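Here the structure comes first, spelled out in structure tokens, and everything after it is commentary.
Bear in mind that the values in this text are calculations on the coordinates, not laboratory data. In this text, all values refer to a predicted model and were calculated from it rather than measured experimentally. Using ideal geometry, Cβ is built from the backbone for each residue, glycine included, and neighbour counts are taken over all protein chains shown.
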């Protein structure tokens, strides 16, 4: 166990033990060691609960399991509960289907800066490759090796550049990329005080852009963003999204539009609920 963590890593999950286990394996091999893991569990069943309880016994890291009753897709709510549980002043957020490269947290730690949040991306693997990756592949880091992935059937893509960018190339690509440095729930980090100042996630929002809306309130609050999408690398494991629906997406778009047009810094539907 570490004496005192410097980073709280929030990992969201829901009834996906196979992917969560691979995600947690990747945090056992981080170059940066001073962190705690907070699992934000959006109502998983006993299989996930038992898995986490057993995993905690062997992990080298402190793990806190935050859970609430299953009430549909309520990721914003469980993430707010996880923010309250953080024991550090800096938060990295990712998902329980994202395998972090061994320098993932080191990049977040080294690039953190007051007045900013960090915006990363992911490299999405097809389902067959997602299932193929083993504990040994993560420990050796060969699952991040482009040639190894090609041997296992990874198709050619311009996105493959993410996996082979060295330090200098990554910096150049981050300076040139047209992709907005938004808050992305699978790979972003910021100061806990800033996240609390804007009152965390808007709990009216279900699937579709609730992380981006948080980032937009951070912008309105005066926080800027830095691009790390070619430096802080994680592999996204493929899966179905049964919780995705157009009604939720449309509702969230309307909330985001209001946040931007009215330059809202704070949501009354976040960590602290406004009394009415």
Next on the checklist: More than 13 angstrom separation, counting every C-alpha pair in the range 3-71; what % is that?
Outcome noted: 63 percent
Checklist outcome for this item: Ranked from fewest to most other Cβ atoms within 10 Å of their own Cβ, 39, 223 fall in the order 223, 39
Next on the checklist: Can you compute the modelled spin-label distance between residue 21 and residue 176, with each label point 7 Å from Cα toward Cβ, in nm?
Outcome noted: 4.2 nm
Checklist entry - How big is the gap, in Å, between the Cα center of the range 23-89 and the Cα center of the range 198-276? => result 20 Å
Checklist outcome for this item: Expected sort for 12, 157 with the fewest Cβ neighbours (10 Å cutoff) up front is 157, 12
Item to check | the range 180-276, relative contact order [Cα under 8 Å, separation at least 6], % | outcome: 44 percent
Checklist entry - Taking the Cα atoms of the chain, what is the range of coordinates along each of the three principal axes, in descending order and whole Å? => result 57, 45, 42
Next on the checklist: Report the rotationally averaged projected area of the range 173-276 based on its alpha-carbon convex hull, in square nanometres.
Outcome noted: 8.1 nm²
Checklist entry - Listed highest first by mean packing, meaning other Cβ atoms within 10 Å per residue, what order do 88-101, 196-209, 110-123 come in? => result 88-101, 196-209, 110-123
Checklist outcome for this item: Largest first and rounded to whole Å, the semi-axes √(5λ) derived from the alpha carbon gyration tensor of the range 49-115 read 23, 18, 12
